[in-house]
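Okay, so here's the structure we're looking at.
The values are calculated or read from the model by the stated rules, or taken from the named source; none is laboratory data. Just so it is clear, the model here is predicted, and its values are computed rather than measured. All Cβ positions, even for glycine, are placed from backbone atoms using ideal geometry, and neighbour counts span all protein chains on display. These accessible areas exclude ligands, DNA and RNA; they are computed on the full protein's heavy atoms, side chains included. Shrake-Rupley method; radii C 1.70, N 1.55, O 1.52, S 1.80 Å.
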Amino acid sequence: MTKRFLNLKNFAAATAIFTVLAFAGCVPDPDPDPNGPVDHDLTIAEVIDRVGPGMVNIETEKSSGSGVIFSEDGYIVTNDHVIRDTKTVYVYIGERKLEAKKIGTDRRKDIAVLKVEGKDLKPAVFGDSDNVKQGDKVIVIGNSLGIHNTVKDGILGNANVVFDTGETKN
């Protein structure tokens, strides 16, 4: 038996997916110029413009939280604790209210996948977390307390922290 460990990058992707950690240096240009330079100096407003349309607010009879649209056909990632033990899940995309179907959850990793039926769904723009380094600028966008697209910024303190999950693998 070997003990399983969790790298901070994987942990952030699995448990903090309810917000988009937009690393200003790795958010791709939606219409890149193949011959042009990569823009590593986006303003916070530019990052919000690129990522914000893919953020959603999620409400249930028990709680609310954030989610991220990750495909045009309506798949959304959120946290398991937001939708756990609930009967009805609604997703707010701007002013639209859509009922969501639970596709799958993982309580231990606190992640859940939902599906909505709707038109003009805009997936979030994702960067490549393998390209971030300690000290890079970080912008966190979410729906704190049900307020759509709240924003905080800071720096990435450490991308290589490893946590002991307590699990063992045969």
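Structure notes:
- Within the range 82-110, residues that are assigned to a helix (DSSP H, G or I) have Cβ atoms under 9 Å from residues that are open to solvent by 90 Å² or more (accessible area, probe 1.4 Å) in these pairs: V82/K62; I83/K62, counting only partners at least 6 apart in sequence or on another chain.
- Subset tally (residues that are on the phi < 0 side of the Ramachandran plot and over 17 Å from the mean Cα position of the chain (by Cα)) for the range 132-149: 3
- Answer residue from the range 38-81, given it is among the hydroxyl-bearing types (S, T, Y) and not in a strand (DSSP E or B) and is farthest from D136 (Cα to Cα) among those: S63
- One residue alone among N35, N10 is more than 12 Å from the chain's Cα centre (by Cα), more than 21 Å from D136 (Cα to Cα) and either at pLDDT below 50 or open to solvent by less than 40 Å² (accessible area, probe 1.4 Å) (or both), and that residue is N35.
- Restricting attention to the range 151-164, the residues that are outside any loop (DSSP other than H, G, I, E, B), open to solvent by 40 Å² or more (accessible area, probe 1.4 Å) and either among the polar types (S, T, N, Q) or at pLDDT 65 or above (or both) total 4.
- Pairs linking a residue in the range 47-76 that is free of Cβ contacts under 8 Å to residues at least 24 places away in the same chain to a residue that is of a type in the set (K, R) and not in a strand (DSSP E or B), with Cβ atoms under 9 Å and 6 or more positions apart or on different chains, are S63/R84.
- Restricting attention to the range 62-79 and to residues that are in contact with a strand residue (DSSP E or B) (Cβ under 9 Å, 6 or more places away or on another chain) and more than 21 Å from T150 (Cβ to Cβ), the residue that is surrounded by the most Cβ atoms within 10 Å (Cβ to Cβ) turns out to be G74.
- Taken over the range 111-121, the criterion of being in a loop (DSSP other than H, G, I, E, B), open to solvent by 30 Å² or more (accessible area, probe 1.4 Å) and either of a type outside the set (D, E) or within 18 Å of S144 (Cβ to Cβ) (or both) is satisfied by G118, K119.
- Residue selected from the range 122-144 under the condition closer than 13 Å to G67 by Cα and out of contact with any Lys or Arg (no Cβ under 9 Å at 6 or more places or on another chain), by the criterion surrounded by the fewest Cβ atoms within 10 Å (Cβ to Cβ): K122
- Cross-chain or 6+ apart pairs with Cβ under 8 Å, the range 113-128 first and touching a residue at least 24 places away in the same chain (Cβ under 8 Å) and among the basic types (K, R), then open to solvent by less than 100 Å² (accessible area, probe 1.4 Å) and in a strand (DSSP E or B): K115/Y75; K115/I76; K115/A100; K115/I103; K122/I69
- Subset of the range 100-110 [closer than 30 Å to N158 by Cβ and crowded, with 17+ Cβ neighbours inside 10 Å]: T105, K109, D110
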